[in-house]
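The values are calculated or read from the model by the stated rules, or taken from the named source; none is laboratory data. Keep in mind the model is a prediction, meaning the values are calculated, not measured. For the accessible areas, the whole protein counts, side chains as well, though only heavy atoms, and no ligand, DNA or RNA atoms are used. Shrake-Rupley method; radii C 1.70, N 1.55, O 1.52, S 1.80 Å.
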Amino acid sequence: MSLLDVSGLSCRFGSQTALSDISFQVDKGEIIGVIGSSGAGKSTLLRCLCALERPTEGQILLEGADLTQLTERELVAARRKVGLVFQHFNLLNSRSVAANIALPLEIAGWAGGRITERVEELLTLVGLESHGYKRPSQLSGGQKQRVGIARAIANSPSLLLCDEATSALDPHTTTSILDLLVDINRSLGLTIILITHEMEVVRRFAHRVLVLDHGALIENGSMATLMRDSRGDPRLERLLADTRPSLPDTLRSQLSTVPLPDGLTLVRVVLGPQAAKTPFLSVLTRRFDQAITLIQGGTLACGSELLTDMILGFSEPLSEPLISFLEQETHVTEVLGYVPADH
Amino acid sequence: MYRLITRLIAESTLQTIEMVAASSFVAVLFGLPLAVLMIATRRTDLYDMPWLGRPIGWVIDAIRAIPFIILLVLLIPVTRFIAGTSLGTFAAIVPLSIAAIPYYARIAEISLQEIEPGLIEAVRVMGGTRWMVIRYVLIPEALPGLLSGLTVTAITLVGASAMAGAIGAGGLGDLAIRYGYQRFNVTIMFAVVAVLILLVGAIQGAGAVAVRAVRR
């Protein structure tokens, strides 16, 4: 049985539909990226998952308990199984760093001695050993988010939700926070759902991607699947655009849809993990007697695997055998168009 | 002569402090829960019962609309009932408190309103009950504002207690009116004003220290 089982989830506010018929499952230990542009329903989904919002229809089974059916009193207990990391940290300034981390434990009724011990352990885990006595206002953004994470996992939840947890941070800090989350995922086997509008974050860290668009779930799969399915789907293409190689503007303006005499054929190629370590371009050149230029791209880490995403320029129009070779060997082959060669 | 003045002023100062301290205490005792009630019933994420909080707001505004000097007279029967008499320092504490409660409730409400909804959400998500939200978030996070509000209230009460002199409450205001105004004793008048300035300064200073201590 999966850890989280969402089925037929719909949420309406008056005449406005925030979520319509969302179904997905999450297994223990997975890192899931939920992505969508603003207004896609990400926040509503998050609020439903941590039982702050009651959906209009559907079921949310967390470890077998249906969050949509519980009474307010039962919800209070159910929420303790979910940790939430906020975009703007939401730390209490009236308490020290250590007391902020202790709060969920106090709420859960832990004894004082055990709380102190657990807080020490958590401070070490997030790398803030000597900061326990400080006030949140004395910390940097990245440190505040570390406190936010420590607080969220203090009571050993079975699910950690991150709501745009890195959107208020600079790129360097973003990386260190995401590394911390991956560490926690590996060492504690904690299931994590990252909700974000940043494709880059999802690409690097999520094992699986859920794409929301206008309240509907339009994609549920690995990054490679997403890249394959994005062909001809402008909603997915737009999301991927930030993180994929794209044609430089000068080339894009010269792009033609019909082959040109001694021009270049531009092809986007996505290769799976095994190809990252094979000399793919050399094989192409040797077998099909083509001169190939790499316009943009290379190998990227996607979740736990490597994907190669490139735009290549072929000197000759693609022959039948070459096309069938590409179809066989690559995840995605997409002819983008033709550009004249320079003289 | 000067010994008499000193004694009169010392006595009156103590009476004023007594009135201000007692009514400030009552103002917090009743005003703060009222403010929390108004905030908590209005918020959809806490109790969502605006039919309870809103009428409290109306009553508060109604009391605040009455000028204090008129409230003093209006409340004489109430004062008699509670204090047994309508004269003297102890009796004056009743109308002063009744005026101070809605005043402080509104000031406290403003501080409580400023709290980020995200903080309340954080405690709700941790599985905190609504009572825990009030105890761990609303009160401690608003504490600096609640304390500066108390300072403002106490200083307003220093002025109001002078008016209570009109019903024979004693205190510095009473002294200034009877000796300074009715008997044209300029010395007492100036001495009282000087003591009032010192008193207000001391309250303001103590308030600032307290706010700094909790804000850190």
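In straight-distance terms, cross-link reach from A:Lys28 covers every one of the lysines whose alpha-carbon lies under 22 Å from its own, apart from those fewer than eight places away in the same chain; here that gives A:Lys42, A:Lys81. The accessible area of A:Glu74, taken with all protein chains in place and a 1.4 Å probe, comes to roughly 90 Å².
Counting only aspartates and glutamates at least 8 places from A:Lys144 when in the same chain, those with an alpha carbon closer than 15 Å to its own are A:Glu129, A:Asp163, A:Glu164, A:Asp170. The order of B:Ile66, A:Ile195 by accessible area, most exposed first and with a 1.4 Å probe, is B:Ile66, A:Ile195. Quarter the surface of the alpha carbon convex hull of chain A and you get the mean projected area, 21.3 square nanometres. Semi-axis lengths, largest first, of the ellipsoid equivalent to the range A:64-140 are 27, 15, 11 Å, with √(5λ) applied to each eigenvalue of the Cα gyration tensor. The alpha carbons of the range B:1-91 give a radius of gyration and a Dmax of 18.7, 65 Å, in that order.
Annotation for the range A:285-322 versus the range A:59-104: alpha-carbon center distance of 47 Å.
For the range B:66-208, the Kirkwood radius over C-alpha pairs fed into Stokes-Einstein at 10 °C and 1.306 mPa s yields D = 91 µm² per second. Over the range A:148-285, the ratio between the Cα radius of gyration and 2.2 N^0.38 Å evaluates to 1.33. Accessible area ranking (1.4 Å probe, heavy atoms, ligands and nucleic acids excluded), largest first, for A:Phe86, B:Phe25: B:Phe25, A:Phe86.
Expressed as a whole percent, the proportion of Cα-Cα pairs in the range B:1-157 lying more than 21 Å apart is 53%. Across the range A:1-109, the convex hull enclosing all Cα atoms gives 142 Å³ per residue. Per-residue ellipticity at 222 nm computed for the protein assembly as shown from its helices equals -16000 deg cm²/dmol, with DSSP H segments shorter than 4 residues left out and the rest contributing -39,500 (n - 2.57).
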